[in-house]
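The values are calculated or read from the model by the stated rules, or taken from the named source; none is laboratory data. Everything numeric here is computed off the predicted structure, so don't read it as measured data. Here the Cβ is made from the backbone with ideal geometry for all residues, glycine too, and neighbour counts use every protein chain on show. Keep in mind that these areas ignore ligands, DNA and RNA; they rest on the heavy atoms of the full protein, side chains included. Shrake-Rupley method; radii C 1.70, N 1.55, O 1.52, S 1.80 Å.
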Amino acid sequence: MAAPRPLVAGNWKMNGLKASLGELEAIRDAVKAGGAGRAEAALCPPFTLVAAVAAAAEGSPLAIGAQDCHAKVSGAHTGDISAQMLKDSGATYVITGHSERRADHGETDAIVRAKAAAAIKAGLTAIVCVGETKDERVGGKALDVVSGQIEGSLDPDFPATNLVVAYEPVWAIGTGLTPTAADVAEMHAHIRAKLEKTYGRKGVDIRILYGGSVKPENAAELMGVKNVDGALVGGASLKAKDFMGIAGVYK
Ligand code: PEP
């Protein structure tokens, strides 16, 4: 069975001003020129730049996403942004359940699931993040923790075509640390098995991204691991050269 088309998605987090559109344009042009090879490339800027980035990327193969959405379509939720608004702004992806949101905003699996459901209902593809802390890894609980997050954050009724799962060990995010290729292989195989159990044959096609300190220097090794269908990239997505150094693994 053919592996799913890889996805390399950049998460700009709370970074980026209008002046950053130059980096976006450089990424767009590089992707247009074939720099991501057979992979799909996507960028998730902060809310303030989604519409501008989507306009700049229009007509190019670069997809645009956001980093969060509210679970409701509209209403009295000051400061929040709905999935429908993101779709209206030109996004096709949204990250839900990033560990920084789980930690900073107390997002539970149930909240993440509701947000992913709203995203899918709005016609977006949800990139649902899971991953263990350092203590959980050291305590031998990583597989169980991720199992629980998958069961809690994914609805068996989600259409598999609108779903991406990102395995992001919390201790690897922004630290320069990465799991061994063997640990990544074990976790991705575990996630694949869970997705197949939940979604049947369609679970085979759900992309499972690895995220956490992916750089041009380690991308080939990490992306070469079985069941790794691309990357969710934080810090290295802010510079076109670094982002394309990662996406370029698929050329
Ligand atoms: C992330 O925030 O999703 C991430 C993977 O960050 P970094 O690449 O900077 O570790």
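Of the residues Ala122, Leu195, Leu232, the one whose Cα sits farthest toward the positive end of the charge dipole of the range 92-241, with +1 on the Cβ of Lys and Arg and -1 on the Cβ of Asp and Glu, is Ala122.
Would you look at the GNM of the chain, springs on alpha carbons closer than 10 Å, and say which of Val50, Val164, Val138 moves the most? Comparing Val50, Val164, Val138 in the GNM, the peak value goes to Val138.
Close amide-amide hydrogen proximity is noted between Glu40 and Leu7, Val8, each under 5 Å apart and 5 or more residues distant or on a separate chain (H modeled in the peptide plane; Pro and chain starts excluded). Computed 3J(HN,Hα) for the range 161-178, one whole-Hz value per residue from the Karplus formula 6.51 cos²θ - 1.76 cosθ + 1.60 where θ = phi - 60°, is 5, 9, 10, 10, 10, 10, 8, 10, x, 4, 6, 9, 6, x, 9, x, 8, 9, glycine and proline marked x.
Taking the chain as a Gaussian network of alpha-carbon nodes connected by springs under 10 Å, the highest mean-square fluctuation of the residues Gly234, Gly212, Gly200 belongs to Gly200. The trypsin sites (Lys or Arg not before Pro) of the range 1-95 that DSSP puts in a loop, and whose beta carbon has at most 12 other beta carbons within 10 Å, are Arg38. Probing with 1.4 Å while keeping every protein chain in the model, the per residue accessible area of the chain equals 44 Å². Here is the P(r) of the chain: all C-alpha pair distances, binned every 5 Å from 0, give 1, 7, 15, 19, 21, 18, 12, 5, 1, 0 in whole percents. With the helix formula -39500 (n - 2.57) applied to DSSP H stretches of n ≥ 4, the chain reaches a computed 222 nm mean residue ellipticity of -11500 deg cm²/dmol. Straight-distance candidates among the lysines for linking to Lys197, with alpha-carbon spacing under 25 Å and chain neighbours fewer than 8 residues away dropped: Lys115, Lys121, Lys141, Lys226. Pairs with C-alpha atoms separated by more than 18 Å, drawn from the list Lys215/Lys241; Lys32/Lys241; Lys13/Lys72, are Lys13/Lys72.
Magnitude of the charge dipole for the chain, about its Cα centre and with charges confined to Cβ atoms of Lys, Arg (+1) and Asp, Glu (-1), is about 460 debye. Using a probe radius of 1.4 angstrom, the carbon and sulfur fraction of the accessible surface of the range 105-251 is 53%. In the elastic network of the chain, a GNM with C-alpha springs shorter than 10 Å, the most mobile of Asn162, Asn15, Asn227 is Asn15. Computed from backbone phi with θ = phi - 60° and the Karplus coefficients 6.51, -1.76 and 1.60, the 3J(HN,Hα) list for the range 41-50 is 10, 9, 10, 10, x, x, 3, 4, 10, 4 Hz; x is used for glycine and proline.
Rounded to two decimals, the Cα radius of gyration of the range 92-241 over 2.2 N^0.38 Å is 0.97. Placing R0 at 35 angstrom, the Cβ-Cβ distance between Ser74 and Glu196 gives a FRET efficiency of 0.45 after rounding to 0.05.
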